[in-house]
1. How do the peptides 113-121, 138-146, 45-53 rank, highest first, by the average count of neighbouring beta carbon atoms within 10 Å per residue?
2. Each residue of segment 125-139 in order: what ³J(HN,Hα) in whole Hz does its phi give by Karplus 6.51 cos²θ - 1.76 cosθ + 1.60, θ = phi - 60°, with x for Gly and Pro?
3. Whole-Hz ³J(HN,Hα) for each residue in segment 69-74, computed from phi via Karplus 6.51 cos²θ - 1.76 cosθ + 1.60 with θ = phi - 60°, x for glycine and proline: what do you get?
4. With the cut-off at 1.5 for a/c, could you classify segment 85-199 from its C-alpha gyration tensor as rounded, prolate or oblate?
5. Shape verdict for segment 1-102, please, from the Cα gyration tensor: rounded (a/c under 1.5), prolate (a/b greater than b/c) or oblate.
6. What whole-number distance in Å separates the alpha-carbon centres of segment 111-136 and segment 4-35?
7. Check the straight Cα-Cα distances from Lys24 and name the lysines below 28 Å, setting aside those fewer than 8 residues away within the same chain.
8. Mind giving me the FRET efficiency for His50 and Val12? R0 is 25 Å, r the Cβ-Cβ distance, nearest 0.05 is fine.
Amino acid sequence: MKVISWNLLRVVGAPVEDVAALVKTERPDLLLMQEATEEIERLPDHVGGHFHWEPLPGRIHGLAAWSPEPLPQPETLPLPASRVPGAVLRVAQIIRLGEITLANVHLSHGQLLNRWQLLHVVRALEGPAVVIGDYNLIGPILMPGFKDVGPKEPTHVASNLLPFRLDRCLVRGLRCAEARALARGRSDHRPIALKLGTA
């Protein structure tokens, strides 16, 4: 199974035409997106397939999933939130494909909060599982039973100065045959592409 994850950077980043071009070039079995706006709902008009969009509460952007094959309706998992007024409420998009469960995430920026959110996601998953997306997390990740299989190079450059590896993939009960970071295009994040299979 080839999975790609890409933070599109809301309205100023990758437009639907760029996402369609990525699909045509890379031909993923599943494309997971963060900061996807309503415009991205037009992706099937360009490449066919099936699409689900989950805007974040009170925001114009959210999480999205596309596949050339029919997808089951994703579940929405609310994540722990900051008590700071105006903080973004986060959710995970949970997709069950046969025996494998995938969580599409865009975690908060706070380094304690995003780890708490990640633990919340991991505890909600059973069996072979994938947690993929924009973690906004700096440093190593230690989640019992999970292995970090995402590309090791930076996927985001903050303020065009500081490179960070923010886009990650943790798996449990699966093997990764290939992991690559792709060209970022008009987004401020590079997509990550992984080939995953049962262990």
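1. Details: 113-121: 19.7, 138-146: 11.4, 45-53: 15.4.
Going by the mean number of other Cβ atoms within 10 Å, highest first, we get 113-121, 45-53, 138-146.
2. Whole-Hz 3J(HN,Hα) from phi for segment 125-139: 9, 10, x, x, 8, 10, 10, 9, x, 8, 7, 6, 10, 10, x.
3. Rounded to whole hertz, the list is 9, x, 10, x, 4, x.
4. Working: a/c = 1.82, a/b = 1.21, b/c = 1.50.
Since a/c reaches 1.5 but b/c is at least a/b, the shape of segment 85-199 is classed as oblate.
5. Details: a/c = 2.27, a/b = 1.34, b/c = 1.69.
Oblate, since a/c reaches 1.5 and b/c is not below a/b.
6. 22 Å
7. List returned: Lys2, Lys152, Lys195.
8. Numbers: r = 27 Å, r/R0 = 1.07.
Once rounded, the FRET efficiency stands at 0.40.
Values quoted throughout were computed directly from the atomic coordinates according to the rules given, and no laboratory measurement underlies them. For clarity, every value in this text was computed on a predicted model and none was experimentally measured. Quick reminder, even Gly has a Cβ in these numbers, built from the backbone with ideal geometry, and neighbours come from all protein chains shown.
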